[in-house]
Amino acid sequence: MEAKTIEKHVQIKLNVLARSLKDYQCYNKEVISTIARIEKMKENSTIDPYDIKKAGDVLDETKSMVVDAMRRIEDAKSKFMEVFDVKAASEEKDGEASDYDIFCVKALTTIKEATDLIENHHGKSK
């Protein structure tokens, strides 16, 4: 493969990982807000129990999306790690930062965020 093609391929894999991390964060926020909304609905005696049940169904669906997003993070991280050399990217470079150096910093930061999230998630599920 040509160098530009490889670079683009690696960039796409990093973007998939970053997008998956954002999705996970959004779904988690949605779970929290839905739980708060359901609690508020339960406190209000004028709310139809059917509406509360439907809100619970929405919560269950959102929770399943959190699990799916975690699976996508694990998959995207694995695929990215197949094409990205972490050791070479971690080495200190002398002189001005090139576009590749900036990419490496972003990649390493994203990998760390994904790794921490995966470890935290698996720690909670034990």
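R0 = 25 Å: FRET efficiency of residue 8 with residue 71, Cβ-based, nearest 0.05? The partial results should precede the final answer.
Details: r = 25 Å, r/R0 = 1.01.
After rounding, the FRET efficiency stands at 0.50.
Loop-only trypsin sites (Lys or Arg not before Pro) in segment 14-113, please: DSSP not H, G, I, E or B, and at most 13 other Cβ atoms within 10 Å. Please report the intermediate quantities before stating the final value.
On the way: sites: 19, 22, 29, 37, 40, 42, 53, 54, 63, 71, 72, 77, 79, 87, 93, 106, 112; in loops: 93.
Hits after loop and neighbour filter: 93.
Angle between the Cα long axis of helix 49-83 and the longest principal axis of the chain, 0 to 90 degrees, nearest 10?
Value to nearest ten degrees: 10.
My understanding is that a pair violates if its Cα-Cα distance is over 21 Å; which of 4/112; 22/53; 8/77 do that in this structure?
Values: 4/112 26 Å; 22/53 28 Å; 8/77 16 Å.
With Cα atoms farther than 21 Å apart: 4/112; 22/53.
Along each principal axis of its Cα atoms, how long is the chain end to end? Whole angstroms, biggest number first, please.
67, 29, 27
Name the residue from 122, 36, 10 whose Cα lies farthest towards the positive end of the charge dipole of the chain, charges +1 on Cβ of Lys and Arg and -1 on Cβ of Asp and Glu.
36
Rounded to the nearest 10 degrees, what's the angle between the helix 99-124 long axis and the longest principal axis of the chain, both from Cα atoms, 0 to 90?
With rounding to tens, the tilt is 40 degrees.
Here, each number is a calculation from the coordinates, and none is a lab measurement. Bear in mind that the values here come from a model prediction, so they are computed numbers and not experimental data. Heads up, the Cβs are rebuilt from the backbone with ideal geometry, glycines too, and the neighbour counts pull from every protein chain shown.
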